[in-house]
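**Student:** Just passing along the structure, written as structure tokens.
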Ligand SMILES: [Zn+2]
Ligand SMILES: [Zn+2]
Ligand SMILES: [Zn+2]
């Protein structure tokens with residue numbers, strides 16, 4: 001399974017145009033891996049996780065086409081994860097020379113409400129809805145998708161992390177979330193992950209309820225290890241960084257490396273093989 005990180009930032013991106021913190025100033029001056037667009041993850045070439053506001057910029061910069069995408073998993077309705085306009089741009093008038101496959105979209109009720117309020121139309125966007133709640137499961141082409149409750153956007157109650165399985169490997173996409181509730185830990189028993197992509201939004205900042213700092217990220221990994229969900233062979237990747245939580249790429253990478261975790265950057269590709 002091939003994972004392509006189209007964006008690795010939280011909602012404001014790095015550098016935020018409206019911020020002069022040290023991380024944003026450094027990113028403006030140095031560019032490269034210090035610049036992070038809002039998060040999306042492309043799996044192989046046919047499944048996308050989240051469809052945020054930077055989709056155009058990410059794909060243009062990386063030379064990536066999304067014309068083969070047949071499945072979209074949306075984690076929650078926050079602006080950095082679901083931008084309805086990007087579904088509208090799939091409509092025929094915007095791609096006269098191109099036929100697109102129908103795209104199955106898995107998402108919770110608050111995402112669908114946002115889509116309806118935006119005036120979006122399923123037929124024009126070429127999408128088929130799969131409404132899902134935390135705890136749901138669905139076959140999507142070669143994939144099996146299970147959702148678990150994220151500790152995130154708790155006022156809505158439908159933010160999800162996804163366990164994605166094909167015939168070879170199993171991957172957990174855990175963004176956005178805080179430390180899991182006990183019910184979720186029970187659901188993870190018996191799961192064996194070849195890779196885990198987990199948020200580390202608030203990095204050096206104090207522990208939070210709905211996002212992970214480095215300490216919380218470590219506690220999540222330890223608990224996953226203790227229930228046998230991950231092993232030393234599991235590929236561990238951190239993503240979804242806030243300018244207010246992390247420092248320049250090299251410093252963030254160094255602290256994550258000490259934890260045995262890869263620091264994602266925009267354009268990073270990870271080939272996940274069976275452990
Ligand atoms: Zn987010
Ligand atoms: Zn900043
Ligand atoms: Zn969020």
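Laboratory data are not the source of any read-out in this text; all were calculated from the coordinates shown. As the structure is a prediction and not an experimental result, all values here were calculated from the model. Because the Cβ atoms are built from the backbone with ideal geometry, glycine has one as well, and the counts that use them run over all protein chains shown.
**Student:** Give the residues of the range 70-102 that are farther than 24 Å from residue 141 by Cα and touching a helix residue (DSSP H, G or I) at 6+ places or on another chain (Cβ under 6 Å), sorted by residue number.
**Tutor:** The one that is farther than 24 Å from residue 141 by Cα and touching a helix residue (DSSP H, G or I) at 6+ places or on another chain (Cβ under 6 Å): 77.
**Student:** Being within 16 Å of ligand 2 (Cβ to nearest atom), in contact (Cβ under 8 Å) with a residue 40 or more places away in the chain and surrounded by fewer than 19 Cβ atoms within 10 Å (Cβ to Cβ) is the filter here; which residues of the range 18-34 pass it?
**Tutor:** Those that are within 16 Å of ligand 2 (Cβ to nearest atom), in contact (Cβ under 8 Å) with a residue 40 or more places away in the chain and surrounded by fewer than 19 Cβ atoms within 10 Å (Cβ to Cβ): 19, 21, 22, 26, 30.
**Student:** While we're here: Being at positive phi and touching a strand residue (DSSP E or B) at 6+ places or on another chain (Cβ under 7 Å) narrows it down to one residue among 135, 108, 119; which is it?
**Tutor:** When all the criteria are applied, what remains is 135.
**Student:** Report yes if some residue within the range 38-61 is within 16 Å of ligand 2 (Cβ to nearest atom) and either farther than 21 Å from residue 161 by Cβ or surrounded by 24 or more Cβ atoms within 10 Å (Cβ to Cβ) (or both); otherwise report no.
**Tutor:** The answer is yes; a qualifying residue exists.
**Student:** Please go through the range 232-275 and give me each residue that is on the phi > 0 side of the Ramachandran plot and out of contact with any helix residue (DSSP H, G or I) (no Cβ under 6 Å at 6 or more places or on another chain), ordered by number. I'd like the intermediate steps shown before the answer.
**Tutor:** Here is the first cut: in the range 232-275, the residues on the phi > 0 side of the Ramachandran plot are 240, 260, 267.
Within the range 232-275, 240, 260 qualify.
**Student:** Across the range 71-87, which residue is surrounded by the most Cβ atoms within 10 Å (Cβ to Cβ) among those that are touching a strand residue (DSSP E or B) at 6+ places or on another chain (Cβ under 6 Å) and under 18 Å from residue 98 (Cβ atoms)?
**Tutor:** Checking each candidate, the answer is 72.
**Student:** Further question on the same structure: Kindly evaluate residue 15 against the criterion of being within 16 Å of ligand 1 (Cβ to nearest atom) and surrounded by 18 or more Cβ atoms within 10 Å (Cβ to Cβ).
**Tutor:** no
**Student:** Moving on to the next point. Suppose the filter is in contact with a strand residue (DSSP E or B) (Cβ under 6 Å, 6 or more places away or on another chain), surrounded by 21 or more Cβ atoms within 10 Å (Cβ to Cβ) and closer than 22 Å to residue 39 by Cβ; does residue 163 pass it? Give the derivation first.
**Tutor:** Values: in contact with a strand residue (DSSP E or B) (Cβ under 6 Å, 6 or more places away or on another chain): yes; surrounded by 21 or more Cβ atoms within 10 Å (Cβ to Cβ): yes; closer than 22 Å to residue 39 by Cβ: yes.
Considered against the rule, which asks whether it is in contact with a strand residue (DSSP E or B) (Cβ under 6 Å, 6 or more places away or on another chain), surrounded by 21 or more Cβ atoms within 10 Å (Cβ to Cβ) and closer than 22 Å to residue 39 by Cβ, residue 163 comes out as yes.
**Student:** Any idea which residue in the range 1-11 is nearest to residue 269 (Cα to Cα), counting only those that are within 16 Å of ligand 3 (Cβ to nearest atom) and not in a strand (DSSP E or B)?
**Tutor:** Only one residue fits best here, namely 8.
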